[in-house]
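Below is one structure; the comments refer to it alone.
The numbers here are math on the coordinates, done by the rules we state, and not lab data. Since the structure is predicted, the reported quantities are computational estimates derived from the model, not experimental observations. Reconstructed Cβ throughout: ideal geometry from the backbone, glycine too, with neighbour counts over all protein chains shown.
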Amino acid sequence: MPSRRVLLGGAAASVAAAVLPSPGARAQTQPRVVVIGGGFAGASCARALTRLDRDLAVTLIETETAYVACPFSNAVLAGLRGIEAQTFGYDGFDGIALIRKRAVAVDAERRRVRLDDGTDIDYARLVLAPGIELNFEALPGYDAAAAEIMPHAWKAGPQTLLLRDRLTAMPDGGTVVLSAPANPFRCPPGPYERASLIAHYLKRNKPRSKLIILDAKDAFSKQRLFEAAWQKLYPGLIEWVPLSAGGRVTEVDPATQTLATEFGSHKADVANVIPPQRAGAIAQVAGVADRTGWCPIDPVTFESRLQPGIHVVGDAAIGGAMPKSAFSANAQAKACAVAVAALLREREPAQPKLINTCYSLVAPGYGISIAGVYQPRDGLLAEVEGAGGVSPLDAPPEVRELEASYAEDWFRTITGEVFG
């Protein structure tokens with residue numbers, strides 16, 4: 001299995017070689033590319049654009065002074081790492097104009113972004129990387145106020161710490177109830193990694209406790225690998241309730257910490273409600289999100305199918321078979337940067353081939369993964385058959401340990417590349 005450092009480095013090298021213009025071909029003017037959102041997708045795209053074409057003026061709009069990463073944040077819940085290990089600043093973004101304001105409007109016809117202080121910024125191309133927002137309209141009883149009682153922790157930061165503290169305060173013998181939404185949502189294996197690491201915490205610290213997963217699906221990513229690990233590591237501790245057995249949560253009551261389903265209700269000592277999601281707010285404002293709440297894009301250029309001149313990358317985009325993960329966001333951002341640089345120089349964008357690998361920790365030193373390769377086909381990003389795969393079901397402990405180390409190496413590599 002190749003090192004993920006090699007994969008990331010190779011992808012970056014191939015992107016740079018694809019469209020870097022020769023000095024004689026560079027234009028005298030500096031077309032401005034504005035990128036909104038400083039997460040894995042937006043920050044990766046801004047960096048890639050500056051590397052690809054030094055004559056581009058790249059502006060990154062991000063309100064936060066630091067980014068708190070979701071990958072590995074489940075380990076914070078289990079007390080395996082601190083939140084500071086998830087936090088990254090923007091000090092090393094040389095050559096990129098960083099604006100710490102909120103984008104509140106987009107005029108696609110005039111190619112202009114409006115900031116919350118009333119300033120307008122013109123662009124030649126706009127890249128939206130807003131990530132997700134929680135759809136509080138989709139689950140009765142669950143809103144921003146309810147999230148302070150029944151944390152979602154699906155945006156890393158204060159919510160992560162809130163859920164961690166709730167787990168710490170729960171008495172031994174308590175019940176943790178985790179609700180997982182229907183597809184699509186950010187990080188398909190995420191709820192099941194979270195359940196695994198919470199189970200690890202409970203096994204060590206509150207062994208008479210129980211964890212129930214209420215799921216709006218009948219199947220999930222890496223299911224056989226997770227279930228085999230649960231049987232081995234956490235027998236009797238985790239109960240998974242699929243859609244067909246009444247797992248879809250239809251309503252919540254924060255006052256009583258109760259989650260209702262079509263088959264009954266579940267009272268929790270700690271409730272972790274992961275609600276349905278949609279593209280971040282600026283995508284809705286810019287008119288690039290369709291009725292699903294997500295953003296349809298051209299799979300070659302990542303240009304919106306609804307608004308010309310606007311590209312969407314990362315979790316907000318409808319990526320066909322490609323899942324919403326940090327690895328995907330980074331890969332899409334680089335491919336989008338290649339396409340944007342080419343389009344601004346009136347060149348034909350190259351057909352991308354993208355890699356994604358999703359790691360999950362089931363316990364310290366126990367990792368599993370799924371990998372895929374994707375390319376444009378029939379207007380979507382389709383999986384290349386036979387090019388991916390999952391961890392072996394019967395792998396020995398040393399392989400699980402190796403995958404866990406690969407996961408840590410990947411996280412260090414991608415955060416180092418993206419945030420410096």
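Annotations for the structure displayed:
- Projected onto its three principal axes, the C-alpha set of the range 69-142 covers 49, 42, 21 Å, listed from the longest axis down.
- Crossing angle, helix 223-233 versus the chain [Cα axis fit, 0-90 degrees, rounded to tens]: 40
- Building the convex hull from the alpha-carbon atoms of the range 338-408 and averaging its projection over directions returns 6.6 nm².
- Correct choice for Cα extents along the principal axes in Å that was computed from the model, options (1) 70, 47, 41; (2) 98, 73, 38; (3) 62, 46, 36: (1)
- Rounded to the nearest 20 debye, the dipole size of the range 146-273 about its Cα centre is 500 debye, using +1 on the Cβ of Lys and Arg and -1 on the Cβ of Asp and Glu.
- Helix 326-344 and the long axis of the chain differ in direction by around 10°, with both axes built from C-alpha atoms.
- Column: log10 I(q)/I(0), Debye, Cα scatterers of the range 146-273, q = 0.10 Å⁻¹: -0.28
- GluC sites (Glu not before Pro) restricted to the range 318-397 and DSSP loop, no more than 10 other C-beta within 10 Å: 346, 385
- Normalised by the number of residues in the range 282-330, the mean separation of alpha-carbon contacts (under 8 Å, six or more apart) gives a relative contact order of 27 percent.
- Of the trypsin sites (Lys or Arg not before Pro) in the range 184-243, those whose Cβ has at most 10 other Cβ within 10 Å and which sit in DSSP loop: 208
- Beta bridges by DSSP in the chain, antiparallel share as percent, to the nearest 5: 55
- Cleavage-rule hits (GluC sites (Glu not before Pro)) in the range 67-146: DSSP loop, at most 15 neighbouring Cβ within 10 angstrom: 109, 137
- Computed from Cα atoms alone, the Kirkwood hydrodynamic radius reported for the range 32-184 is 17.8 Å.
- Positive minus negative residues near residue 141 (Lys, Arg vs Asp, Glu; Cβ under 9 Å): -3
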